[in-house]
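The values are calculated or read from the model by the stated rules, or taken from the named source; none is laboratory data. What you are looking at is a predicted structure, and each value in this text was computed from that prediction instead of being measured. Cβ placement follows ideal geometry from the backbone for every residue including glycine, while neighbour counts extend to all protein chains displayed.
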Amino acid sequence: MPAWMPQFTRIALVPGDGIGPEVIRAAVQVLDAVQARFGGGFTTQWFDLGAERYLKTGETLPQAEFASLRDNFDAILLGAFGDPRVPSNVHAKDILLGLRQRLDLYVNLRPVRLVDARLCPLKGVQAGGVDMAIVRENTESVYVGIGGSFKPDTEDEVAQNTMLSTRKGCDRLLRYAFELARTRRHKLVLCDKANAIESAHGLWRKSLKAMAPQYPDVQATTLYADVAAMRMTTHPHEFDVVVGDNMIGDILSDLAAALVGGLGLAPSASTHPGRVALYEPVHGSAPDIVGTGKANPLAAILSLGMLLRDQGLTQAADAVEAACAQSVVERACTPDLDGSLTTEQVAAWVAARV
């Protein structure tokens, strides 16, 4: 076994709904290739969590399984959640948002890089011309679920959600972003709506102002989120590390993904140093293409690459990312990226290159 590989990297596999099982099987096929090339060191366990189980048993995330995920694994590789038979998405909220909140996975990292100019909707942008890391706060903002409705289903209905920002939440995410910027191009931009959301987003600016002097080597700036969206579509090369609260980061990361080929190429990691981390493609469950072979597995495979890198397996991560980029450039991919291969064929192609 290579000296740089730990004895075991324990990976929990949570395929979820829709195309989730298809893309996770593809990622596992690539993981097998990694193991064959770089040596042993991985253990995996599948978890039956999703709509099917919820519809049969009413269970979403039982405490025993949550405790197992928390205590017995180094990482969780997750597919997607969403099923039209569960319109409330209660199972997805309990499992996905529940894991993020209960494990306090406050960093949601979404790297975005253009590997083929033909996939960018902007004219004149070449490969590498979009290369940014979206750092999204993952546990606060309006996604905490504080709110409700008064006089529902009447003409006097009032709906309310509370946006929550804490100094601790701002500080710890900004520190992570500053440290990340030091490993990249030393540029950081905080995107917010502090002009309209003065208290909750103003706190982010206060935290940034206080922290920036500790990182004199990082160019730290701010942009209103609407201006940032405009600049991303006109001057994407300006962006390196992009920071936003849960809502702003969610919106801007999807916009950024559209600049490099769509959500089928968008991986993510939800982390908290020292705790089990969660890796997942940004795309949804796409129930309309289940079983057709059209599901793009590259975002899930790239999420596996992020997992490997965070475990210190740099050579393996490099091999996975290079193989995914090669598949895009050579059009050995699914139809959404102008290829003609099926999900399984893409997985086999990438695995062979690894």
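Below, the figures for the structure above:
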read-out	value
Sole residue being modelled with pLDDT of 95 or more, assigned by TED's automatic domain parsing to the domain that holds Pro236 and either over 26 Å from Ser253 (Cα atoms) or not small (Gly, Ala, Ser) (or both), chosen from Arg118, Arg113, Arg70, Arg136	Arg136
Selected residue [closer than 30 Å to His235 by Cβ and not in a helix (DSSP H, G or I)] from Leu122, Leu77	Leu122
Residues satisfying the stated conditions in the range 193-238, i.e. assigned to a strand (DSSP E or B) and either loosely packed, with under 15 Cβ neighbours inside 10 Å or among the polar types (S, T, N, Q) (or both)	Gln219, Thr221, Thr222
Output for the range 111-140, where each listed residue is within 13 Å of Gly244 (Cβ to Cβ) and either aliphatic (A, V, I, L, M) or surrounded by 24 or more Cβ atoms within 10 Å (Cβ to Cβ) (or both)	Met132, Ala133, Ile134, Val135, Arg136, Glu137, Asn138
Residue that is surrounded by the most Cβ atoms within 10 Å (Cβ to Cβ) [pool: residues in the range 305-348 that are out of contact with any helix residue (DSSP H, G or I) (no Cβ under 8 Å at 6 or more places or on another chain) and not in a helix (DSSP H, G or I)]	Gln311
Answer residue from the range 97-119, given it is assigned to a strand (DSSP E or B) and touching a helix residue (DSSP H, G or I) at 6+ places or on another chain (Cβ under 7 Å) and is farthest from Ala323 (Cα to Cα) among those	Val107
Residue match in the range 222-239 (condition: in contact with a Cys (Cβ under 9 Å, 6 or more places away or on another chain) and either basic (Lys, Arg) or in the same structural domain as Ala286 (by TED's automatic domain parsing) (or both))	no
Residues of the range 95-108 satisfying the condition of being out of contact with any Pro (no Cβ under 9 Å at 6 or more places or on another chain) and either surrounded by fewer than 20 Cβ atoms within 10 Å (Cβ to Cβ) or among the β-branched types (Val, Ile, Thr) (or both)	Ile95, Leu97, Gly98, Arg100, Gln101, Arg102, Asp104
Tyr143 vs. criteria surrounded by 19 or more Cβ atoms within 10 Å (Cβ to Cβ), at pLDDT below 95, under 21 Å from the mean Cα position of the chain (by Cα) and assigned to a helix (DSSP H, G or I)	yes
Qualifying residue in the range 43-61 (condition: part of a loop (DSSP other than H, G, I, E, B), modelled with pLDDT of 95 or more, in contact with a strand residue (DSSP E or B) (Cβ under 9 Å, 6 or more places away or on another chain) and aliphatic (A, V, I, L, M))	yes
Any hit, the range 244-257, residues being assigned to a strand (DSSP E or B) and either farther than 26 Å from Gly124 by Cα or in the same structural domain as Val30 (by TED's automatic domain parsing) (or both)	yes
Matching residues, the range 172-192, being outside any helix (DSSP H, G or I), surrounded by 17 or more Cβ atoms within 10 Å (Cβ to Cβ) and out of contact with any strand residue (DSSP E or B) (no Cβ under 6 Å at 6 or more places or on another chain)	Asp192
The range 73-108: number of residues that are farther than 22 Å from Glu22 by Cβ, modelled with pLDDT under 95 and among the polar types (S, T, N, Q)	2
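Rundown of residues vs (1) within 21 Å of Arg37 (Cβ to Cβ); (2) outside the structural domain of Pro84 (by TED's automatic domain parsing); (3) within 20 Å of the chain's Cα centre (by Cα), yes/no style:
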| residue | (1), (2), (3) |
| --- | --- |
| Lys294 | no, no, no |
| Ala299 | no, no, yes |
| Leu308 | yes, no, yes |
| Asp318 | yes, no, yes |
| Arg331 | no, no, no |
| Pro335 | no, no, no |
| Ser340 | no, no, no |
| Arg353 | yes, no, no |
